[in-house]
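Below you'll find the structure, written out as structure tokens, and then a few comments.
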Amino acid sequence: MPQNKGPFYMTTAIAYTSGKPHIGNTYEIVLADSIARYKRQEGYDVFFQTGTDEHGQKIELKAQDAGITPQEFVDGVAGEIKRIWDLMNTSYDKFIRTTDDYHEKQVQKIFKKLYEQGDIYKGEYEGMYCTPCESFFTSSQLVDGKCPDCGRECQPAKEEAYFLKLSKYTNKLIEHIEAHPEFIQPESRKNEMMNNFIKAGLQDLCVSRTSFKWGIPVDFDDKHVVYVWIDALSNYITGIGYDCDGEGTEQFKKDWPADLHLIGKDILRFHTIYWPIMLMALGQPLPKQIFGHPWLLQGDGKMSKSKGNVIYADDLVDLFGVDAVRYFVLHEMPFDNDGVISWELLVERLNSELANTLGNLVNRTIAMSNKYFGGVVNKTGVDTTGAGVDENGASLDFDADLKAVVTAVKAKVENKMATLHVADAITEIFTLFKRCNKYIDETMPWALAKDEDKQDRLAEVLYNLVEGITIGANLLTPFMPETSERILAQLYPENAAAGVRDFDDLATFGLRESGVKVTDTPEILFARLDMEEILAKAEEIQAAQRAASGEVEYPQVEKKPEIEIDDFDKVQIQVGEVLACEPVKKAKKLLVSQIRIGDEVRQIVSGIAAYYKPEEMVGKKVAVITNLKPCKLCGVESQGMILAASDDNGNLSVLTLDKDMLPGSEIR
């Protein structure tokens, strides 16, 4: 067993219970789980906490809309979040809810303590309030008049409130960050916090609200509820037994300060400014590292239920399996930049890496072991030592090269994981599997099998393959635990535990005992997927989303500069009657219409062929811009423009009149 390296306490951000988490939300728990499993494999005593953030105005409003109590609403959503975390095979040790009694009591104690020692004071807040983010902003902090965090509209608000004195601790926070360069990671996030927020000057933070009731009451002033961030952030200490009266549990004494807070980059400000200052005011040490991971984005734009393009973890698992989804979100996410997910990318990566590189390697290694030696894997010592080089100078000592690659991967994975470069760690492991595939091509077991004098050499080749795969499967365990277990169960069918190596042994080649059999019936780990079939199923899922969605997502139109009435008067719009319409040759998107406008007939080309058949246009009374300079489209002259409306879902409708107006009538 690896040496016990001591406690390692890590957390995710707690998920907000406003609705079912999509795959971008789910990415964080999978990332955290891979780190927690890796740390356990290294020998740390890991405590991994996650949970749900359940208070606030947004929850209160959603519960009202649903016709249920806020508690009933969060019970349902928290249950759904926990179900998905469990579905993704995440090994958290504690799932905390901010509606848990012990948490609420401690938050009240924390608030009162900070008030009594002068770190919280009563005042009045006036500013711009973002309900989804539950945050106040000054006008100067808004971006184009909207919330700097989520981009939504903010409303002016004024109310009595309590405030946390951030300015009192600003210099102390700067000193801590500068003395601990690892405190905020990645480096770019630290620079953003320091330059854009902390050094620019911190305003005292509003930490209570009176305009809604769904929150933890301030026990000495029941008009107020505790502002969501004091409530939510405190979970990191209340969940492990913090007591504001100084009677913390043994676990709190062992695990705090946290080794890692893993959070999304969008909430970095709260965790690197407000949370450290709260802890300083409480006299507690700060967490060792706060890592702001990037976002996993939808390949074709913003996720929306009304568009039917939200990707959920359970839909992906139904089509691809848990470990395939884990592999994709972990491996495809860059360290410091946003990643992209789409159905097409999933199929491509899973076919190339999981089905081909890994699945095919394991399957044919076991199949050859059964075909040539009845499944028995023997170490014979007949290797390629001293084989020299070929005419190009490339080594012919295939065994030594394979072993060098395999035994070097552990250290490379350690280096990558030390800085949380998880995707790069997985790449190193798949480099091992690719080297094993290359080894098969180099040694050609099928050719060795035809020569009776080379049976011992053939046995050594298969032993090396099984040993390399065993080491690779062990290194893969934190990221794809079920797959690792399935591989080892096939390589050690009589005792799968025999294939589980101590982490310290994963740089040593040759620990498998000679004579141990592999399974008689190799299992297909990952079947190749048909792109068209998967895309058809994805469309069914998206159609069901659109049908079930009660949400209306209004088009987001980029605002143009204000104009005067004289500017509008420059555009002449008239009623036109479509007399004839036909496709434009060699232009799939265009229709050309003959349109009566008063006593003249104009020819107008429009990009509406995807939305209207030519015969559907005939007879319509449409709105036409008639003073637009003529132009040619695909060689056909267009003498105006038909007006049409389009939305973010790809729908288009030409503008028609609801009364029978004469062609040529002016539209004003």
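Some notes on this structure:
- Condition check for residue 253 on (1) without any contact (Cβ under 8 Å) to a residue 12 or more places away in the chain; (2) touching a helix residue (DSSP H, G or I) at 6+ places or on another chain (Cβ under 7 Å): one failure, at (2).
- Taken over region 172-193, the criterion of being surrounded by fewer than 11 Cβ atoms within 10 Å (Cβ to Cβ) and more than 21 Å from residue 419 (Cα to Cα) is satisfied by 175 alone.
- Each residue in region 331-348 was checked for being over 15 Å from the mean Cα position of the chain (by Cα) and surrounded by 18 or more Cβ atoms within 10 Å (Cβ to Cβ), and 1 of them qualify.
- Checking 618, 654, 636 one by one, the residue that is within 20 Å of residue 572 (Cα to Cα), touching a Leu at 6+ places or on another chain (Cβ under 8 Å) and of a type in the set (A, V, I, L, M, F, W, C) is 654 and no other.
- 1 or more residues small (Gly, Ala, Ser), loosely packed, with under 13 Cβ neighbours inside 10 Å and touching an Asp or Glu at 6+ places or on another chain (Cβ under 9 Å): qualifying strands (runs of 3 or more DSSP E) within region 96-169: 120-130
- Among the residues of region 647-668, those that are closer than 20 Å to residue 592 by Cβ and hydroxyl-bearing (Ser, Thr, Tyr) comprise 653, 656.
- Of the residues making up region 44-63, those that are part of a helix (DSSP H, G or I) and aliphatic (A, V, I, L, M) are 59, 61, 63.
- Reported count of residues in region 594-650, each being out of contact with any strand residue (DSSP E or B) (no Cβ under 8 Å at 6 or more places or on another chain), surrounded by 13 or more Cβ atoms within 10 Å (Cβ to Cβ) and closer than 20 Å to residue 666 by Cα, is 0.
- Every residue from region 65-95 that is surrounded by 21 or more Cβ atoms within 10 Å (Cβ to Cβ) and either in a strand (DSSP E or B) or aromatic (Phe, Trp, Tyr) (or both): 73, 85, 92
- Odd one out for residue 21, checked against (1) over 22 Å from residue 482 (Cβ atoms); (2) not in a helix (DSSP H, G or I); (3) not polar (S, T, N, Q): (1)
Residue-by-condition table, conditions (1) hydroxyl-bearing (Ser, Thr, Tyr); (2) closer than 16 Å to residue 522 by Cβ; (3) without any contact (Cβ under 8 Å) to a residue 60 or more places away in the chain; (4) crowded, with 21+ Cβ neighbours inside 10 Å:
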position	(1), (2), (3), (4)
411	no, no, no, no
415	no, no, yes, no
431	yes, no, yes, no
451	no, no, yes, no
469	no, yes, no, yes
491	no, yes, no, yes
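Only the coordinates and a few stated rules stand behind these numbers; no lab work does. None of these values were measured; they are calculated from a predicted model. Because the Cβ atoms are built from the backbone with ideal geometry, glycine has one as well, and the counts that use them run over all protein chains shown.
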